[in-house]
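The values are calculated or read from the model by the stated rules, or taken from the named source; none is laboratory data. The model shown is predicted, which means the values in this text are computed figures rather than measured ones. Virtual Cβ from ideal backbone geometry, glycine too; neighbours counted across all protein chains shown.
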Amino acid sequence: MVCAEYAGVASSNPLDAFAFGNNSSGATVGRTSAFSTSKAGLVVVFMTTDHTNGTFSAGAIGSHTATLRTSHDTDGGLEDTTFSSLQSNITASMNFSASNHLITMAGAFKAGP
């Protein structure tokens, strides 16, 4: 399990958008389904979990190269990025060093006041 805490996120109804992905066995890139945001000024957090040893490296969230925050060989990886404008039909991805079944989830969180 990977946990993260972010400052500056809205305290009421912070989740703007989310997406999941279930990447088949043999995947080396974990990717979510497409999602769109309804607000600007968001942080998008993306997590991938795996079922074997390996290392994660940063992928992309929309057109942005994500910042890898943590990579643990048997627990998963976490990356994020921020957007100052609305995003439409984007996906999030993370690279994995071994072929595996990768389960992914991304959430776009609104900034607080």
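Of all residues being acidic (Asp, Glu) and in contact (Cβ under 8 Å) with a residue 24 or more places away in the chain in region 73-89, which is surrounded by the fewest Cβ atoms within 10 Å (Cβ to Cβ)? Just the residue, please.
So the residue we want is Asp75.
Strands (runs of 3 or more DSSP E) wholly in region 1-95 with at least 2 residues that are under 17 Å from Gly112 (Cα atoms) - which ones?
15-31, 42-49, 76-83
Please find, among Ala17, Ala111, the residue that is surrounded by fewer than 20 Cβ atoms within 10 Å (Cβ to Cβ) and out of contact with any strand residue (DSSP E or B) (no Cβ under 6 Å at 6 or more places or on another chain).
Exactly one residue qualifies, and that residue is Ala111.
Please work out which residue is surrounded by the most Cβ atoms within 10 Å (Cβ to Cβ), limiting yourself to region 20-47 and to residues that are among the hydroxyl-bearing types (Ser, Thr, Tyr) and within 25 Å of Leu86 (Cβ to Cβ).
Thr32
For the condition of a type in the set (Gly, Ala, Ser), at pLDDT 90 or above and closer than 12 Å to Ala106 by Cα, what is the one hit in Ala60, Ala7?
Ala60
Would you say Ala60 is within 15 Å of Phe83 (Cβ to Cβ), aliphatic (A, V, I, L, M), in contact with a strand residue (DSSP E or B) (Cβ under 8 Å, 6 or more places away or on another chain) and buried (at least 20 other Cβ atoms within 10 Å of the Cβ)?
When the stated conditions are applied, Ala60 does not pass them.
If only one of Ala98, Ala92 is crowded, with 19+ Cβ neighbours inside 10 Å, touching a residue at least 24 places away in the same chain (Cβ under 8 Å), closer than 16 Å to Val29 by Cα and of a type outside the set (Val, Ile, Thr), which one is it?
Ala92
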